[in-house]
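Since the structure comes first, as structure tokens, the remarks are kept for the end.
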Amino acid sequence: MQEKGTISIHTENIFPIIKKFLYSDNEIFLRELVSNAVDATQKIKRMAALGDYKGELGDLTIDVSFDKEKKTITVSDRGLGMTAEEIKKYINQIAFSGASEFVEKFKDAKDANEIIGKFGLGFYSAFMVADTVEIHSLSREEGAEPAKWVCDGSTEFEISPGDKTDRGTDVILHINSESEEFLDKWKLQEILDKYAKFLPVPIRFETKTESVEDGVDDKGEKKWKSVEVDNIINTTNPIWTQAPSELTDEDYLKFYKELYPMSEDPLFWIHLNVDYPFNLTGVLYFPKVKNDFDLQRNKIKLFSRQVFITDEVKDIVPEFLMLLHGVIDSPDIPLNVSRSFLQSDSNVKKINNYITKKVADKLGELFKKDRKVYEEKWKDIGLFVKYGMISEDKFYEKGKDFALLTNTNGEHFTLDEYQEKVKPYQTGKDEKVVYLYATDADKQDTFIQSANKKDYDVLLMDSPIDSHFIQNLEGKLENASLKRVDADVVDKLIDKEGGYENLLTDEQSKKVKEIFEKAIGSQTYNVEVEGSSPEELPVTVTMDEFMRRMKDMAKNGGGMGFYGAMPDNYKVGVNGNHPVIDRILKSEDAAEQERLAKQAFDLALLSQGLLTGKELTAFVKRSVELI
Ligand code: ADP
């Protein structure tokens, strides 16, 4: 007996709407149908386990197939099946409150995920790519009649007795003319790889050719032959579903390679596993990074019960951990709703906090367990830790115990250790400890040497994140400030009691200043005569710490336009105590005075790589004359 009916939606033409609005994302039809097949299979397994199903389970492999000629794609499962009554109940009555609400929501929807999940329309996504959809099902119930359902995308459906003889459901899509691209082996394989690679029930798609041994030839060498074997596209128990205690390092590395075939081995990993107050499993890997922030983003894959959902995990994973790789699986994340909902969802916040805490704990543990290994990896780990400390106060609180500072000799210190180390030598008369740092060990070598000569330590802060980290540290450290080692002459970097006084008289100082100003002849340089050790250079060219930072920020688009627009401005520190200055003063010849001053100034520029072009040529010429 054939029965006709109307699908109970209050809108006449829901399918044209589905097609029109969801077109961009239409490949997810396969995810939805395969997920339904997996659910049906899991249900029959559970029923069997509970004794509610007494029949044979048989081979539960799900089959995905296509027929280019007939223009069909079929998904077949050996799950619990549906009776005609169940089809009417589950498939025909689309569960949403009102068509008007539905259409209203549709207007702003950005992707199919949002609507499909929210309105329980998984099955109907088939109509994005099909004109007509058939369901052939045989229920697990004893003596059940097979049922056949056909719908051509209007609200009319037809249900009649079917001819299916084994338990389960076949969904057959008659692909529409705009969607014929899906009638292709590679296309389907690609979609299955994306969404179904880790589903918990084996999924077979076509066959593939494999070489197998075929006896030995006359010479006793192995023979091979090609055979067609089932192509099972998924791994049913990916490592995140297994107990960490049963996994080896090799397992984790192998899985990593499976996810990112082209990547270097990761530094280490964290296995996530919670079931209260939310459900979450996963494995996060710390990749080897090459200071290349953007390239590495969006590498974490988000799953819900092993179904791939997205690799845009923004909002679920803290911003600074977006550089990590791996997978997160949680049925508790409301995957199908909008961004703004995600941001305010309390589960998402808890997950976010949990991941942050887990990562911090793991880092702390690695540090404590084997500091040497940790230090070796610090160059790579440091990026995450610094980024985390800058972007989340909560992480700073934990990170301060295992964040390392590295000095120009390659030694590592925790923040506390470093404070202890430099306090005795680098405290100014205002009781503030000054941390010195270099951003380029080669270019700033003269300054580093000068500082080291005074028993000052110099940190190496040469990664792109360090300029932000410096700002952040300064805000957090009490009674300490950071100065780039070339921000001033060494005696002025840390202003101490009993420093060197300028032994020149005011009049002499004024004279020296004039000679230098004339010799330099540029507004860019402010000459200051001051007292340093006679062992130091006669002249040092520096840029004030504050000024340089502001300019750096303006350069990086930090909204400091005002500073960016200002011309470069350097201080020329003339060391009044240096013998060369004495010589300049004693000379009676104005030309000779100017030449010496210019020479001393150029030497200062040279030591910082600031002397180039014509100036450099003139300097070489002058030097030759002098010798
Ligand atoms: P959802 O899966 O979100 O419930 P769907 O529209 O995809 O929404 O499916 C509606 C219902 O139809 C399912 O909940 C299930 O009861 C039934 N169903 C769909 N596909 C199958 C299948 N292959 N085998 C058994 N039941 C199915």
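The values are calculated or read from the model by the stated rules, or taken from the named source; none is laboratory data. Keep in mind it's a predicted model, so treat the numbers as computed, not measured. Cβ coordinates were reconstructed from backbone atoms using ideal geometry, including for glycine residues, and neighbour counts include every protein chain displayed. Keep in mind that these areas ignore ligands, DNA and RNA; they rest on the heavy atoms of the full protein, side chains included. Shrake-Rupley method; radii C 1.70, N 1.55, O 1.52, S 1.80 Å.
If you go through the range 58-73 and keep only what is open to solvent by less than 60 Å² (accessible area, probe 1.4 Å), assigned to a loop (DSSP other than H, G, I, E, B) and of a type outside the set (Ser, Thr, Tyr), you end up with 58, 60. Among residues of the range 565-586 that are basic (Lys, Arg), those with a Cβ under 9 angstrom from a residue that is open to solvent by 10 Å² or more (accessible area, probe 1.4 Å) and in a helix (DSSP H, G or I), sequence gap 6+ or separate chain, pair up as 583/596.
Take the conditions charged (D, E, K, R), out of contact with any Gly (no Cβ under 7 Å at 6 or more places or on another chain) and modelled with pLDDT of 90 or more and apply them to residue 507. Does it pass? Criteria met by residue 507.
Restricting to the range 30-56, name every residue that is within 30 Å of residue 174 (Cβ to Cβ), open to solvent by 30 Å² or more (accessible area, probe 1.4 Å) and more than 8 Å from the ligand (Cβ to nearest atom). Of everything in the range 30-56, just one residue is within 30 Å of residue 174 (Cβ to Cβ), open to solvent by 30 Å² or more (accessible area, probe 1.4 Å) and more than 8 Å from the ligand (Cβ to nearest atom), namely 42.
Looking across the range 74-91 at every residue that is open to solvent by 20 Å² or more (accessible area, probe 1.4 Å), out of contact with any strand residue (DSSP E or B) (no Cβ under 6 Å at 6 or more places or on another chain) and assigned to a helix (DSSP H, G or I), the one that is nearest to the ligand (Cβ to nearest atom) is identified as 90. Of the candidates 498, 531, the single residue that is farther than 20 Å from residue 443 by Cα and open to solvent by 50 Å² or more (accessible area, probe 1.4 Å) is 498. So which residues in the range 213-230 are free of Cβ contacts under 8 Å to residues at least 12 places away in the same chain and either touching a Cys at 6+ places or on another chain (Cβ under 8 Å) or small (Gly, Ala, Ser) (or both), if there are any at all? Within the range 213-230, 215, 220 meet the criteria.
Each residue in the range 587-621 was checked for being open to solvent by 50 Å² or more (accessible area, probe 1.4 Å) and touching a strand residue (DSSP E or B) at 6+ places or on another chain (Cβ under 9 Å), and 2 pass.
Residue 374 fulfils the conditions (1) at pLDDT 90 or above; (2) surrounded by fewer than 19 Cβ atoms within 10 Å (Cβ to Cβ) except for a single criterion, (2).
Restricting attention to the range 163-176, the residues being closer than 21 Å to residue 126 by Cβ and either touching a helix residue (DSSP H, G or I) at 6+ places or on another chain (Cβ under 9 Å) or within 13 Å of the ligand (Cβ to nearest atom) (or both) number 9.
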